[in-house]
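Read through the structure below, which is laid out as structure tokens, and then see the notes.
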Amino acid sequence: MDNIKIKQISTGTPWEEIVGYSRAVRVGNQIEISGSVAVDESGQVVGRDDPEVQTRYILTRIAHILAELGAQLSDVIRTRIYVTDIANWEKVGRVHGEVFGEIKPVTSLVEVSALIGPEYLVEIEVTAVIGE
């Protein structure tokens, strides 16, 4: 990988240093964005108890990270959605559909027993490939 350009994005959260990961990594024309939850720049939860608000906020964050790496939402080829209550799948899915309805990346939506904190209801990861 000596001749492949790698760019890493960090948001400076304490979790990144503790766990040892990047928020996003671009390798060549591929981008991977780590699981993102609804937390703002000051560390405050966005949309507490509202999976729709959390999903919308997360997807907005992801769009900003993609832009920072030279991509856009239309470059997304895969999303992975984790929810703490599968009963919220339709609310979360509706917001995902508003953003990705025309793009139609492959996706997974699974229920997990918990996320990094009980206030987080949704976590989303994405993979994007920038066209040539």
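The values are calculated or read from the model by the stated rules, or taken from the named source; none is laboratory data. All of these numbers come straight from a predicted model, not from anything done at the bench. Cβ placement follows ideal geometry from the backbone for every residue including glycine, while neighbour counts extend to all protein chains displayed.
Some values worked out for this structure:
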{"item": "Flag if I9 is farther than 19 Å from L115 by Cα and touching a Gly at 6+ places or on another chain (Cβ under 7 Å)", "result": "no"}
{"item": "Evaluation of I81 against (1) in a helix (DSSP H, G or I); (2) within 28 Å of K7 (Cβ to Cβ) (one fails), failing number", "result": "(1)"}
{"item": "Hits in region 1-22 - residues which are surrounded by 13 or more Cβ atoms within 10 Å (Cβ to Cβ) and assigned to a loop (DSSP other than H, G, I, E, B)", "result": "T11, T13, Y21, S22"}
{"item": "Selected residue (only one of I116, I77, I31, I130 is crowded, with 18+ Cβ neighbours inside 10 Å and in contact (Cβ under 8 Å) with a residue 40 or more places away in the chain)", "result": "I31"}
{"item": "Qualifying residues in region 34-67 (those that are of a type in the set (A, V, I, L, M, F, W, C), touching a residue at least 24 places away in the same chain (Cβ under 8 Å) and in a loop (DSSP other than H, G, I, E, B)) - the one surrounded by the most Cβ atoms within 10 Å (Cβ to Cβ)", "result": "A38"}
{"item": "Residue, farthest from L73 (Cα to Cα), within region 103-132, restricted to residues that are at pLDDT 95 or above and among the charged types (D, E, K, R)", "result": "E119"}
{"item": "Cross-chain or 6+ apart pairs with Cβ under 7 Å, region 1-25 first and within 17 Å of I130 (Cα to Cα), then part of a loop (DSSP other than H, G, I, E, B) and modelled with pLDDT of 80 or more", "result": "I4/G28; K5/G28; K7/L69; Q8/S22; I9/S22; I9/R23; I9/L69; A24/L69"}
{"item": "Evaluation of E90 against (1) out of contact with any Leu (no Cβ under 9 Å at 6 or more places or on another chain); (2) among the charged types (D, E, K, R); (3) in contact (Cβ under 8 Å) with a residue 40 or more places away in the chain (one fails), failing number", "result": "(3)"}
